[in-house]
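Asks: Here it is, the structure, as structure tokens.
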Amino acid sequence: MIPITLEVNGRPIEARVEPRQHLADFLREEMLLTATHLGCEHGVCGACTVLIDGAPARSCIAFPAMLDGARITTVEGLADDAVAGELREAFMDEHGLQCGFCTPGMLVMARDIVLRRPQADDDVIRHELAGNLCRCTGYVGIIRAIRKVAAGREAAVVTRGTVLTPPSYASPLSLPLSPAGRTPVDPPASAIALPAELSPDATPDDEPLHNPVELGESFEVPAPRATVWALFQSPEQVIACLPGARLTAPSDGRSLAAEMVVKLGPMQAAFGGTGRIVADPASWSGVIDGRGVDSRSATQLRARLAYRLDEAGEAPREATRVTVEVAYVMQGPLAQMSRGAIARDLAARLTQSFAANLAAHLKGEAPVAANASLDAGALAWSVVKGWLARLFGRG
Ligand code: FES
Ligand code: FES
């Protein structure tokens, strides 16, 4: 049993939990908060959606043992919340529920949509809600209800001349999830000076990334900076170091077309898309940004990767410190998977695989896992194992 502290619906909680007990069971069985429903129990249906540190997350694939210090809000905890109140009324008025089984998860997700995307139209709401399934197929009423509340709040904003505050997502990176000695951090905005062609928030079409998931990683590779720089200017070689990624067309060095396969439990997503490459030799830094879509789930991904190379080590053992910052936003059925602490740790592990492959490549060795797809299920288990090993002092 593992001792943890949590804040559940505003109440501080101390508990001892089994490592394998998921958050939904903990909430229902230990806290008797039974409004959180369980449908599929493997992260597909969204019935179990709660807020973890203010962000919607599936409680059936989150583990209290990994959430020490987190703030959990269930639909019961939104009883006095103004937006949730408006949504409850709108769901009743617009026939947004039939049996009600999906409703707690729908309400938690709907509140997030209203706060984060108050101008959402039906298409946007459908995309955002695509990870919440309603067995009664009452989607038309649900979407009407969300649009009604969003439109009402947007109109109030225009009338008052004020701006809605989107939910603030506390960084789960402060949670003890990362492998020992390699704590990913939210990079300070100024950690990498971006080339002048790119504003910090821009993507290829210069739309800002709203509420991105951000993380940073810094690692050393045993090669001179000029050698590493040359490798970073070759999209073929960079892509070869990313597990599950491949170029889908030859690159001209300024743009790329690529595909990346990710396994999420029973689902497999293959994000295909295009990006642009900007490099600034004067500052030994560069940016790759782009957008893609998984054709099966229609989940859209927009991402930006910024890097900087610094000299490290002393002659004759020259080395290079590589600082990488990643920001991404997902929309669609897999979007909810992208915001949890496990997703962040998986992204950090992807960066670590990239670092290991890069080092192998520079030594002339075969990449460690370049051809395998990124298996989030296997990685999630390695996250849990790594965390337990650290907890018991064997990491
Ligand atoms: Fe958690 Fe279905 S019960 S997503
Ligand atoms: Fe019955 Fe959604 S209202 S599952």
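Asks: Go through 354-362, 117-125 and give me the packing order, highest mean Cβ count within 10 Å leading.
Replies: 354-362, 117-125
Asks: Roughly what would the spin-label model give for Ala257 and Ala298, points 7 Å off Cα along C-beta, in nm?
Replies: Distance between label points: 2.3 nm.
Asks: Further question: Relative to the Cα centre, what is the charge dipole magnitude of the stretch 1-145, using +1 at the beta carbon of each Lys and Arg, -1 at the beta carbon of each Asp and Glu, and rounding to the nearest 20 debye?
Replies: About 240 debye.
Asks: Something else: Quick one: length gained pulling Glu29 to Glu220 fully straight, 0.36 nm per residue minus the C-alpha distance?
Replies: Answer, rounded to one decimal: 64.2 nm.
Asks: Modelled label-to-label distance, Arg246 and Arg135, 7 Å Cα→beta-carbon offset: nm?
Replies: Taking the two extended label points, one gets 4.0 nm.
Asks: Which peptide among 5-16, 57-68 comes first, and what is the full order, when sorted by highest mean count of other Cβ atoms within 10 Å?
Replies: So the order, starting with the most tightly packed, is 57-68, 5-16.
Asks: Additional query: For Ala145, what charge total do you get from the other residues with a beta carbon under 10 Å from its beta carbon, if Lys and Arg give +1 and Asp and Glu give -1?
Replies: Every neighbour counted, the sum reads 0.
Asks: FRET efficiency for Arg276 and Ala230, Cβ-Cβ distance as r, R0 = 22 Å, nearest 0.05?
Replies: Calculated value: 0.65.
Asks: Let a ≥ b ≥ c be the square roots of the eigenvalues of the Cα gyration tensor of the stretch 55-124; is it rounded (a/c under 1.5), or, if not, prolate (a/b larger than b/c) or oblate?
Replies: prolate
Asks: If you scale each eigenvalue of the Cα gyration tensor by 5 and take the root, what three semi-axes come out for the stretch 27-146, rounded to whole angstrom and sorted largest first?
Replies: Whole-Å semi-axes of the equivalent ellipsoid: 22, 15, 14.
Readers should treat all values here as calculations from the given coordinates under stated rules, not as data from a laboratory. Please read all numbers here as calculations on a predicted model, not as lab measurements. Here Cβ is always computed from backbone atoms with ideal geometry, including for glycine, and neighbour counts include all displayed protein chains.
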